[in-house]
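What follows is one structure encoded as structure tokens, with my remarks underneath.
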């Protein structure tokens, strides 16, 4: 695929969504302020929502990180080739920023780590959980994640919400897979404890 | 113990999956949108003038101040100027959530959450 500008030029036929995104990106690169305003208006809610959900409980960092996503997008917009939608491309940048934050946070020595046994016990009754109303359950999940120590919530979000393996996480933060598994086991234990006690 | 870990793994995967997709998207604060826009425009200005107002994408419309610049005899020279820098709407938009800005086609008014 060619550059943003060359692909956007002289399109007279009906444009596909991918081509529309390229034309839109070209207008932003041309410093069209109206296109730039539309860029912010169109994508800021979805990026904000994603980042906010992934940074629990650090809501104080969300605004800065969302702004970083848009600045990185501006710095790299000339590399956008339309292989994915502009929204998908932006979400990719957001995911990268979020993972950088996870990486930096989980590299720090964990004050919660202890030598206690990390053996787990089964979840009380999965059928009961399945019966919960979905919306209430999501709110409850958020509440519990927010109440957890940051190390635990980030580890769970990275492992399950971002679907990264313990091995990947270990490699990214320079710890052993076993250490990551241990942190995850404790995070799951603590999550379950708070979940069962209605936090 | 491996079984209980598998069960927990499944439970957390299920929790994560059940959330993605349909969960209601949170709206970004309007102040944040305004600040992002102002910062992006500042960044754009760092590498040269903005696109002239006469050449901006027509269907997105100009606010009343931009229109004044556009029709002035000096439009060719001043059309690249970021007039928002002088506008009270920008100041309000960056500082007040859902600021009471009612200018048509003002970018800061456009960021309001309704």
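Taken together, the values in this text are just the output of simple stated rules run on the coordinates, not laboratory data. Being a predicted model, the structure only gives us computed values, none of them experimental. Glycine also receives a Cβ, built like all others from the backbone with ideal geometry; neighbour counts cover every protein chain displayed.
Brief remarks follow.
- Cα→Cβ-extended label distance, 7 Å offset, between residue A:136 and residue B:98, nm: 2.9 nm
- Among B:63, B:54, the order by Cβ neighbours within 10 angstrom, fewest to most, reads B:54, B:63.
- Footprinting exposure proxy ranking of A:85, A:153, A:147, B:34, fewest other C-beta atoms within 10 angstrom first, gives A:85, A:147, A:153, B:34.
- Three principal axis extents describe the C-alpha atoms of the stretch A:42-98; from largest down they are 35, 19, 17 Å.
- Once the chain from residue A:104 to residue A:79 is taken as fully extended at 0.36 nm per residue, the excess over their C-alpha distance is 6.3 nm.
- Packing-based ranking, highest mean first, of A:14-21, A:164-171 given that Cβ atoms within 10 Å are counted: A:164-171, A:14-21
- Folded to 0 to 90 degrees: helix B:2-19 orientation relative to chain B principal axis, Cα: 30 degrees
- Here A:145, B:74 are placed in order of increasing Cβ neighbour count within 10 Å, fewest first, which gives B:74, A:145.
- Based on DSSP H segments of at least four residues, each scored -39500 (n - 2.57), chain B has a per-residue ellipticity at 222 nm of -15000 deg cm²/dmol.
- The value for the stretch B:61-101 of Rg(Cα) / (2.2 N^0.38 Å) is 1.32.
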